[in-house]
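This report concerns only the one structure given below.
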Amino acid sequence: MKINFAETIMRSNRTTSVTEFLFSGFPKFEDGGVLFFIPLFFIYIFIVIGNLIVFFAVRMDVHLHNPMYNFISIFSFLEIWYTTATIPKMLSNLISKQRTISMIGCLLQMYFFHSLGNSEGILLTTMAIDRYVAICNPLRYPTIMTPRLCAQLSAGSCIFGFLVLLPEIAWISTLPFCGPNQIHQIFCDFEPVLRLACTDTSMILVEDVVHAVAIIFSVLVIAISYIRIITVILRIPSGEGRQKAFSTCAAHLGVFLMFYGSVSLMYLRFSATFPPILDTAIALMFAVLAPFFNPIIYSLRNKDMKIAIKKLLCSQRMLSTSTS
């Protein structure tokens, strides 16, 4: 009995021994980490400023006060916090000798990163449905997509995105972690963290299936919407009408392909393992490059957005000159 009691205590101590995780996917500062720090820093600044410009351009231009641009502005706002959940910690790890994160910090990073990602995914699905109604049922569009419904869909996307992940994070927080504590990724993610748990790892497969079902469902809804949209657009007799209809959907379709393309590479591989370099590249595409191209796509592919951004920047210049 004494031996069993001692073993129980030792086992209990082992399960609570890990209080922080170590990121192993970053180069050390002396090995050229600063070379990665500089471009990543400027990319992050561009993401924040670019998405802020898109957000305020929509909010301050009355011509863009409609459901489509409202969803774009919300998506841009979410992108800022989506990248802020991971990139500042990445930057810190590139120039720090201690590339660690606390257990609570890791759980919070996972929660906010994936909650914001879920909200963006739901919002992209909502945007596809909005474009479907606008092009396939243009006469009924004003009565269907009312400002009230638009606000409800925007709020619902964010609320559901944050609520749906709570049980998963709560479950992970109860798992025992007794070592090793090296996360083979550049940010805290479900699969690398779950592999470190001192428990049955078969739950990883369940996690993969849940994520895969959610991703595939969203992709199917968006794909079906755009198949229907394209068939309707091709029936438009005038070339100018077809071009105008395509232009309203091109930006959203580009963001959709970037977002879900990187998400699919990241989370639809199940037990398949990639080389560490490829794994890191996919993670960067998912967490950094897709948000980087969002303001570029919306500003370059949309004439109304270009005009609104020019107005915003010109008003800021006039304000700065008047105050000086």
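The values are calculated or read from the model by the stated rules, or taken from the named source; none is laboratory data. The shown structure was predicted, so the numbers you read here are calculated from the model rather than taken from an experiment. Ideal geometry is used to build each Cβ from the backbone, glycine not excepted, and the neighbour counts take in all protein chains shown. Note: accessible area is taken over every heavy atom of the protein model, side chains too, but ligands, DNA and RNA are not part of it. Shrake-Rupley method; radii C 1.70, N 1.55, O 1.52, S 1.80 Å.
Annotations for the structure displayed:
- Selection status of residue 263, open to solvent by less than 70 Å² (accessible area, probe 1.4 Å) and either over 20 Å from residue 71 (Cβ atoms) or of a type in the set (Asp, Glu) (or both): no
- Helices (runs of 4 or more DSSP H) contained in the range 105-176 and holding at least 1 residues touching a helix residue (DSSP H, G or I) at 6+ places or on another chain (Cβ under 6 Å), farther than 22 Å from residue 257 by Cα and touching a residue at least 24 places away in the same chain (Cβ under 8 Å): 147-163, 166-173
- Scanning the range 188-232 for residues that are at pLDDT 90 or above, within 30 Å of residue 24 (Cα to Cα) and open to solvent by 40 Å² or more (accessible area, probe 1.4 Å) turns up nothing.
- Number of positions in the range 143-171 that are of a type in the set (Asp, Glu) and surrounded by fewer than 16 Cβ atoms within 10 Å (Cβ to Cβ): 0
- Residue pairs whose Cβ atoms lie under 6 Å apart, sitting 6 or more positions apart in sequence or on different chains, and linking a residue in the range 247-276 that is within 18 Å of residue 126 (Cα to Cα) to a partner that is open to solvent by 70 Å² or more (accessible area, probe 1.4 Å) and in a loop (DSSP other than H, G, I, E, B), are 250/301; 251/301.
- So residue 140, is it among the basic types (Lys, Arg), within 23 Å of residue 226 (Cα to Cα) and exposed (fewer than 15 other Cβ atoms within 10 Å of the Cβ): yes
- The sole residue among 78, 64 that is of a type in the set (A, V, I, L, M, F, W, C), under 16 Å from the mean Cα position of the chain (by Cα) and open to solvent by less than 20 Å² (accessible area, probe 1.4 Å) is 78.
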